[in-house]
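Just below is one structure, and these are the notes that go with it.
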Amino acid sequence: MVRLRTGSGLTGWGECAQASAEEARDLEKEWLGRPATLYAAIDPLTPVSAALDMAMLDILGKACRAPIYRVLGGPTRNKIRAFTDSPAAPGFHVVAVRVPPPAARNQGKAYQNQVQALAKELGGDRDFVLDAHGRLTPGDAASVAATIESSHPLWFDEPCSVSNLEVVRKISAETVTPLGFGRGIGDPGVFQALLQEGLVDVVRPDISVHGISGARRIAVLSETYYVAVAPHHEGGPVATAAALQLAASIPNFFIQHVPRPDDAADREMRAAMVSAGLETPRDGFLELPRSPGLGIEVNEAALEKYHAA
């Protein structure tokens, strides 16, 4: 997490995937004394760029006394559809179903039946996203995509690596199951290649890698190809707040993933860090933040408590 303070007393918060102590020191040297509104000048290649972008936009929203999505021209909707990983999570109507790890390469019919049974068990009558985490071989990914067609997932997420577009093209040509990509993609050019080739149905820029501004640019690119955006997010509640601001500022938003740890202590920590109710949906939808900036109050005492632990 990054905390940014202005000379006038405003505080902005951001979150990125990872950053070293050295990178934090470099960030301070580069930005100390510069205007807090220069989010467009952030180098997107630095690991802390996403957190800095969120924090600057948080400050900009607070200075304007408006949520970030209003500063960016929204809202484009009045509530945010959400899904999570746990089928027992209250309030969520969409669940992510992870495919079982294959025991070896190129699994046969037994593995396809296992995937189908898991989708029926965890998805039930709800909408679901089938998540392969990029771990399947091209052959297994193509077979699973064909097997799952009749169950109508919202999309098949990361069926395989995107390092070889010919492989992705083969899978896309052999199934009507929508495909989603974005996990781990840092280069916007890869998104452009997937879109130009018509290989992706749901674009998933990582909010903790691209920040709000970078994800918005990818969303604009996707809109020209009539492709929906479902930002990837596996970070903390500050990133959730940023994702909600992003969702309310783009027209082609689809649905937002909200991490839900299995451990109750982890869930308690997330709830203690920011404003109550941020990650708790009602009837499948999260409320739109109304307060300025990111729309949250960060509990610094809780941060110190859990940091010390």
Does region 196-203 contain any residue that is closer than 27 Å to Asp125 by Cβ and either assigned by TED's automatic domain parsing to the domain that holds Leu288 or in a loop (DSSP other than H, G, I, E, B) (or both)?
-> yes
Residues satisfying the stated conditions in region 86-109, i.e. closer than 13 Å to Thr137 by Cβ and in contact with a strand residue (DSSP E or B) (Cβ under 7 Å, 6 or more places away or on another chain) | Val99
Taking region 76-96 and keeping only residues that are β-branched (Val, Ile, Thr) and either surrounded by fewer than 19 Cβ atoms within 10 Å (Cβ to Cβ) or touching a residue at least 40 places away in the same chain (Cβ under 8 Å) (or both), one is left with Thr76, Ile80, Thr84, Val94
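Quick one: would you say Ala66 is within 30 Å of Leu10 (Cβ to Cβ) and either assigned by TED's automatic domain parsing to the domain that holds Asn252 or surrounded by 15 or more Cβ atoms within 10 Å (Cβ to Cβ) (or both)? Show your work before the answer.
Values: within 30 Å of Leu10 (Cβ to Cβ): yes; either assigned by TED's automatic domain parsing to the domain that holds Asn252 or surrounded by 15 or more Cβ atoms within 10 Å (Cβ to Cβ) (or both): yes.
Considered against the rule, which asks whether it is within 30 Å of Leu10 (Cβ to Cβ) and either assigned by TED's automatic domain parsing to the domain that holds Asn252 or surrounded by 15 or more Cβ atoms within 10 Å (Cβ to Cβ) (or both), Ala66 comes out as yes.
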Keeping to region 99-141, report how many residues are more than 19 Å from Ala89 (Cβ to Cβ), in a helix (DSSP H, G or I) and not basic (Lys, Arg).
-> 12
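On the given criteria, is Arg270 farther than 28 Å from Glu166 by Cα and out of contact with any His (no Cβ under 7 Å at 6 or more places or on another chain)? Give the steps one after another, and end with the answer.
On the way: farther than 28 Å from Glu166 by Cα: yes; out of contact with any His (no Cβ under 7 Å at 6 or more places or on another chain): yes.
Here the answer is yes, as Arg270 does meet what is asked.
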If you go through region 179-193 one residue at a time, do you hit one that is part of a loop (DSSP other than H, G, I, E, B) and surrounded by 22 or more Cβ atoms within 10 Å (Cβ to Cβ)?
-> yes
Could you say which residue among Pro259, Pro289, Pro251 is over 15 Å from the mean Cα position of the chain (by Cα), in the same structural domain as Ala88 (by TED's automatic domain parsing), buried (at least 17 other Cβ atoms within 10 Å of the Cβ) and in a loop (DSSP other than H, G, I, E, B)?
-> Pro289
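The values are calculated or read from the model by the stated rules, or taken from the named source; none is laboratory data. What you see is a predicted model, and the numbers here were worked out from it, not measured in a lab. We place every Cβ from the backbone using ideal geometry, glycine too, and count neighbours over all the protein chains shown.
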